[in-house]
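The structure under discussion appears below in the form of structure tokens.
What follows draws every value from the coordinates through simple rules; no lab data is involved. None of these values were measured; they are calculated from a predicted model. For neighbour counting, all protein chains shown are included, and Cβ atoms are generated from backbone atoms with ideal geometry for every residue, glycine included.
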Amino acid sequence: MRVLHIATAFPRSKDDVIVPWLVELLKRMQDSGYEVEVLTSAYKGGGGDSYEGIPVHRFRYFPARWEDLTHDEAATDRMGRSPLHRVLPLFYVAGGLFAAWRLARRRRFDIIHVHWPVPHALFGWVARRANGRHAHLVTSWYGVELRWVQSSLPWLRGFVRWALRTSEAVVAISSYTAREINRFAQVQVLVIPYGVGFREAQTQGRAAGQGLFRILFVGRLVERKGVKHLIDAVQRLPAELNPILTLIGEGPERSTLEMQVDRSGLASRVVFRGRVDDGALREAYTETDVFVLPAVVDARGDTEGLGVVLLEAMSCGVPVVGSGIGGITDIIENEKSGLLVGPADPDELASALERLARDPGLAARLGTAGERRVRAEFGWPGIMSRWEECYRALVESRSAVADGAGAAPTPPQAGGL
């Protein structure tokens, strides 16, 4: 079965840490016998025509010097920063439509799988038509695109409804995102989360803290991650716990957060590491005492659709604390596989952290339960089984119709969440 994945961005080199879970999905599909290819945008004229054995078709949409709407930063963040980047999406859509048509005319696909369907559902629709309607259209919804439309782009609500009704299979990464989808249209939604970008869980040999209470955050430094509340929580922790907060990631809020740390007198307690490679990230998980995702709803109404960093930490046996909003509640069962706290509440967050610091038995129990939960509910064998069932139902439905067996069945309802 040949599958074309359409995505905003795809890694350009080994040190490019974007969408590791999508890379892992495609590699596992290859291992299962699928022929997978990726259609994505170029970055400043290039980006490579393959990545770890996955063929990549990168479309051009502007002169190379200014072709930077995607990859290093979220497109919406760039769009808010300059007039040029507010215009670039028009060229991006035009370039993507042309590339999707041309590629699908040259190659025959069984499945066209669209990620972030605003605006990529257009690319999928064009590719399906260019394929002579042979291919089936699957759309994966991550939630952020829905929240952008609800809060900032209401004129695109009709487009979202069209994209949902045009899709032969609509997939959400969490039950929270599925509920958001049904605010636009009453369609059947499969819930298939993404998994950990690591091939093997790194649970061996958690390093000792040498009298420190080590707290870790990984992610983009943007408002919806709630990092400023985590810094406030660290300030509230008793000095006797020797808390050390490590922040891994970059983003537009870094300078603001650094100033907050200086004002709070936490320069010796908070470490900004920026981006790190895959090996250093795995090491960071094994060397921390607790992982925190203090997400909030930002000014645009956006929040966490799921939280892959939570899955990564839990797969390494690390106890986790997260805000009880968005897709995080699909991952953490409060008091069972982690702790949930109220968003934007540094007092409650500090209390949860202190509780783990003072009760190693609780921390160990939550870490072990979290690891089991990730393996059971977010493990790759289960995720792959759901995707294979989804694809197979679509392909078999066409065969049934062609054989005169009656109406095409709908894709199966994915379980597990």
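A few remarks follow.
- Tilt relative to the chain, helix 20-31 - C-alpha long axis, 0 to 90 degrees, to 10: 50
- Difference of contour (0.36 nm per residue) and Cα-Cα distance, residue 351 to residue 187: 54.9 nm
- Ranked by the mean number of other Cβ atoms within 10 Å per residue, highest first, peptides 154-165, 18-29, 88-99 order as 18-29, 88-99, 154-165.
- Computed 3J(HN,Hα) for the range 49-58, one whole-Hz value per residue from the Karplus formula 6.51 cos²θ - 1.76 cosθ + 1.60 where θ = phi - 60°, is 9, 7, 8, 6, x, 9, x, 10, 9, 9, glycine and proline marked x.
- Farthest towards the positive end of the charge dipole of the range 296-386, among the residues 376, 352, 362, is the Cα of 376, using unit charges on the Cβ of Lys, Arg, Asp and Glu.
- Based on every Cα atom in the range 213-376, Rg and the maximum pairwise Cα distance Dmax equal 14.3, 43 Å.
- A Förster radius of 35 Å combined with the Cβ-Cβ distance from residue 389 to residue 152 puts the calculated FRET efficiency at roughly 0.50.
- Taking 20 Å as the straight-line reach from the Cα of residue 228, none of the lysines fall in range once those fewer than 8 positions away in the same chain are excluded.
- Ranked by how many other beta carbons lie within 10 Å on average, peptides 341-350, 278-287, 291-300 from highest: 291-300, 341-350, 278-287
- You can think of it this way: the chain between residue 358 and residue 1 has 123.2 nm of extra reach, that is 0.36 nm per residue less the Cα-Cα gap.
- You can think of it this way: the chain between residue 277 and residue 18 has 92.2 nm of extra reach, that is 0.36 nm per residue less the Cα-Cα gap.
- Gap separating the Cα centres of the range 60-103 and the range 209-258, nearest whole Å: 33
- In terms of overall dimensions, the C-alpha atoms belonging to the chain reach 72, 48, 39 Å along their principal axes, ordered largest to smallest.
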